[in-house]
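The values are calculated or read from the model by the stated rules, or taken from the named source; none is laboratory data. The structure displayed is predicted, hence computed values, not measured ones. Note that we place each Cβ from the backbone using ideal geometry, even for glycine, and neighbour counts take in every protein chain shown.
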Amino acid sequence: MIKRFLILITLHTFLFASQQIILVVGDDFNTSHAFLECYEDDKKMFKTIKVNIGKNGLGWGIGEINLTKKSTEPFKKEGDKKAPAGVFKLTNIFGYKVKRNLHLPYLFASKTLICVDDDDSTNYNQIIEMQENKPKSFEYLKRDDNQYELGVVVAHNEAGIKEKGSCIFIHVEKFENAPTVGCTSMKLKELEQIVNWLDTTKKPLLIQISKSSSEEILKLFPQLKSSTLLH
């Protein structure tokens, strides 16, 4: 009983340590589009925007806490073109500019910066500099298009568990209403506003869910009670 009480206290402390939340809510697990709101404490920041998520919808990912899952709901896997559902830390910002004055650690997307999606690699789901022995599968963070002109790293599957999904970002949309292969995308001007707001001292989180998890999220994060997306 004492152990359970301590776990609940720890969970409560973690949840309310986050002062910045990006909330993304889709109608169900099959949708490739969703709506996004930003909160600092209980105050909504900016306007609600429409975003693109995985071409094949959502799948439960590996994040910071375990939300209730139904047996009929899918789990995120490598290459399934689903965006991860759950609660995730936001750890870094990256982009094509060499330097940016931001409040999260910034990674310059040089021509040698890659994210490894080879799940047989010891660097699976890590952003690293290209090595002499290239992994079998990876993606460059410096692309020929503008999709990674600016991005935020989502800490999904931080432990790099094999086949559970990798290289999840919030980034610039390919074009309007274009679904992704597992990330969350939006217009550049909308993303610029968000990255300028994010602050590592405020422990930012991404909460990305289907509407069916709204009640549970409201219990865990009562500071979101004014969100129209959860009602």
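Quick notes on this one:
- Among the residues listed as GLU78, GLU149, the single one being within 30 Å of SER214 (Cβ to Cβ), crowded, with 17+ Cβ neighbours inside 10 Å and either in contact with a Ser or Thr (Cβ under 8 Å, 6 or more places away or on another chain) or among the charged types (D, E, K, R) (or both): GLU78
- Residue match in the range 196-208 (condition: part of a loop (DSSP other than H, G, I, E, B), among the hydroxyl-bearing types (Ser, Thr, Tyr) and modelled with pLDDT of 95 or more): no
Rundown of residues vs (1) in a strand (DSSP E or B); (2) closer than 12 Å to ALA85 by Cβ; (3) not small (Gly, Ala, Ser), yes/no style:
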residue	(1), (2), (3)
LEU23	yes, no, yes
THR31	no, yes, yes
PHE35	yes, no, yes
MET45	yes, no, yes
ASN56	no, no, yes
LEU67	no, yes, yes
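Conditions (1) over 16 Å from TRP197 (Cα atoms); (2) modelled with pLDDT of 95 or more; (3) buried (at least 21 other Cβ atoms within 10 Å of the Cβ), marked per residue:
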position	(1), (2), (3)
GLY26	yes, yes, yes
PHE29	yes, yes, yes
SER32	yes, yes, no
LYS43	no, yes, no
ILE49	no, yes, no
ILE53	yes, yes, yes
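- The condition (being surrounded by 15 or more Cβ atoms within 10 Å (Cβ to Cβ) and either of a type in the set (Lys, Arg) or at negative phi (or both)) is satisfied by just one residue among LYS142, LYS69: LYS142.
- The lone exception for LEU229 - which of (1) buried (at least 18 other Cβ atoms within 10 Å of the Cβ); (2) over 17 Å from the mean Cα position of the chain (by Cα); (3) assigned to a loop (DSSP other than H, G, I, E, B); (4) not basic (Lys, Arg) it fails: (3)
- Enumeration of residues in the range 175-212 that are over 17 Å from ALA155 (Cα atoms) and in contact with a helix residue (DSSP H, G or I) (Cβ under 9 Å, 6 or more places away or on another chain): MET186, LYS211
- Any hit, the range 34-49, residues being in contact with a strand residue (DSSP E or B) (Cβ under 8 Å, 6 or more places away or on another chain) and acidic (Asp, Glu): yes
- Among the residues of the range 141-159, those that are in contact (Cβ under 8 Å) with a residue 40 or more places away in the chain and over 16 Å from ILE22 (Cα atoms) comprise LEU141, LYS142, ASN146, TYR148, GLU149, LEU150, ASN157, GLU158, ALA159.
- Taken together, the residues in the range 55-66 that are surrounded by fewer than 17 Cβ atoms within 10 Å (Cβ to Cβ) and in contact with a strand residue (DSSP E or B) (Cβ under 8 Å, 6 or more places away or on another chain) amount to 2.
- Single residue of the range 100-130 satisfying the filter (of a type in the set (Phe, Trp, Tyr) and crowded, with 16+ Cβ neighbours inside 10 Å) that is nearest to ASP199 (Cα to Cα): TYR106
- Selection over the range 134-174 of residues that are closer than 25 Å to GLY86 by Cα and not in a loop (DSSP other than H, G, I, E, B) gives a count of 11.
- Restricting the range 81-99 to residues that are among the aliphatic types (A, V, I, L, M) and surrounded by 15 or more Cβ atoms within 10 Å (Cβ to Cβ) leaves a set whose member that is nearest to ASN196 (Cα to Cα) is ILE93.
- Subset of the range 182-229 [among the basic types (Lys, Arg) and over 30 Å from GLU73 (Cα atoms)]: LYS189, LYS202
- Unique match (being more than 22 Å from THR200 (Cα to Cα) and touching a Leu at 6+ places or on another chain (Cβ under 6 Å)) among ALA83, ALA109: ALA83
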